[in-house]
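Structure, as structure tokens:
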Amino acid sequence: MARSRFPLRLLFVGFGNVGRELARILAERNAYPALADLDVSVVGLTTGSRGALANGAGIDLRRALREVEEHGRFTPQNPDYASLDSLKAAETLDYDVLVEMSPLSIANRGEPAILHARAALERGRHVITCNKGPLAYAFRRLRKLAQENNAGFLHETTVMDGSPVFDMARSCMRGNTILKIDGILNSTSNYVLCAMERGQTFEQGVRGAQEEQIAEADPSNDLDGWDASVKIVALANVLMGADLRPEDVDRESMSAITPSRVSEAKKRGFRIKMVCSAWREGDTVKASVRATEVPLDHPFALVDATGSIVRFETDLLGKILMTEENPTITTTAYGVIADLYALDSGSR
Ligand SMILES: NC(=O)c1ccc[n+]([C@@H]2O[C@H](COP(=O)([O-])OP(=O)(O)OC[C@H]3O[C@@H](n4cnc5c(N)ncnc54)[C@H](OP(=O)(O)O)[C@@H]3O)[C@@H](O)[C@H]2O)c1
């Protein structure tokens, strides 16, 4: 079993937006006084197409960032250059925490991230995943594996970036049964709806989201409700004991929403929002993603552009809301840091 107290040695799987921002924060941690006790090093780093690095004494993160910036990949001149794919790294390197930051593949039902997580947990190594696939397609299996191997399996970044959604439920809401979760959890669709309220077309809204790097080149996962489905399934599986898959969600695409429908709703005192929900029905949990007319004085109506919101309805605590305004990639990277502190404090 790996250590769960600092110092912790990390294996990065993925070095895209999140991995690079996390590396930047770690490389510049002296600029963040409250990170003084964050005693971690990165001993392995794998990517899809940019090569891999490994060094048990700690990779030079500034050099790694510079090489990707200047050459688009790690260079063989780097003393830490390694011939290593992600699964082999997970199976063979000596690390304490695998940080899963590869892209989610719905077509591949969360793979290969699930394989990476399984390889680490079987060796008693902790896993922090930013990739939602392991929660949406294999949460029960991986949690059991983590328990059997006395390892942590953490995932704060997967929903609402670094906001402490899971930590709040885990630490501050103990003893409550969550009856319902709903929220606005997809930035691209909310951004496009807000753009249409300002008089833009659907296509202009999508282009704006792409220009601001909120939406991917192929935004269909967001606009067709897949991303929101994956997130509500992650919340339901972790916090409501559900065993849902994204395909089980009653999902509505937003492609049929027109600017005239948006402005007509606004004239009547409503904003249209893509609301995802999970609720108990007898012994099961059901989930949906729906275009919903929200009254202007409802907290969900205050969520603009890239913001998000989640509401828990509980038996003891009533309704609790958490909202996030204008998240950045730093917010996302912080979610991993929060999980590292959770490992260090033993709350996993
Ligand atoms: N961006 C956000 O704000 C945000 C928020 C919450 C959660 N997330 C989740 O965090 C994860 C990372 O997001 P991102 O924005 O950093 O994605 P990204 O920019 O697309 O980067 C993904 C990285 O994973 C690498 N990769 C692909 N397949 C791999 C494999 N088999 N093994 C190892 N690495 C592999 C890619 O390699 P190449 O560099 O060679 O392409 C790239 O370095 C995603 O699952 C995303 O859904 C992101």
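The values are calculated or read from the model by the stated rules, or taken from the named source; none is laboratory data. Fair warning: this is a prediction, and the values are worked out from it, not measured in the lab. With ideal geometry, Cβ positions are generated from the backbone for all residues, glycine too; neighbour counts draw on all protein chains shown.
If the requirement is being over 27 Å from A278 (Cα atoms), at pLDDT 95 or above and out of contact with any Leu (no Cβ under 6 Å at 6 or more places or on another chain), which of these qualifies: G183, G205?
Working: G183 fails: over 27 Å from A278 (Cα atoms).
Exactly one residue qualifies, and that residue is G205.
Would you point out the residue of segment 36-54, among those that are under 21 Å from T331 (Cβ atoms) and surrounded by 17 or more Cβ atoms within 10 Å (Cβ to Cβ), that is nearest to the ligand (Cβ to nearest atom)?
V42
Near the ligand (Cβ under 9 Å from one of its atoms), aliphatic (A, V, I, L, M) and either at pLDDT 95 or above or not assigned by TED's automatic domain parsing to the domain that holds S105 (or both): is that true of V18 in this structure?
Here the answer is yes, as V18 does meet what is asked.
Restricting attention to segment 310-348, which residues are within 16 Å of the ligand (Cβ to nearest atom) and not in a helix (DSSP H, G or I)? Let's see the steps before the verdict.
Keep residues of segment 310-348 that are within 16 Å of the ligand (Cβ to nearest atom), which gives 310, 322, 324-340.
Passing the criteria: V310, M322, E324, E325, N326, P327, T328.
List every residue pair whose Cβ atoms lie under 7 Å apart, where the two residues are 6 or more positions apart in sequence or sit on different chains, the first residue falls within segment 303-318 and is in the same structural domain as L193 (by TED's automatic domain parsing), and the second residue, located anywhere, is assigned to a strand (DSSP E or B) and among the small types (G, A, S).
The qualifying pairs are S308/G183; I309/G183; V310/G183; R311/G183.
Can you name the residue in segment 287-316 that is within 21 Å of the chain's Cα centre (by Cα) and of a type in the set (V, I, T) and, of all such residues, is surrounded by the most Cβ atoms within 10 Å (Cβ to Cβ)?
Here the residue is V289.
Just checking, how many residues over segment 73-102 are over 22 Å from L340 (Cβ atoms) and within 9 Å of the ligand (Cβ to nearest atom)?
3
List pairs: first in segment 34-61 and within 22 Å of A338 (Cα to Cα), second among the basic types (K, R), Cβ under 6 Å, 6+ apart or cross-chain?
The qualifying pairs are L35/R29; S41/R9; V43/R9.
Among the numbered conditions (1) out of contact with any Phe, Trp or Tyr (no Cβ under 6 Å at 6 or more places or on another chain); (2) not in a strand (DSSP E or B), tell me where V289 comes up short.
Here V289 meets the rest and fails (2).
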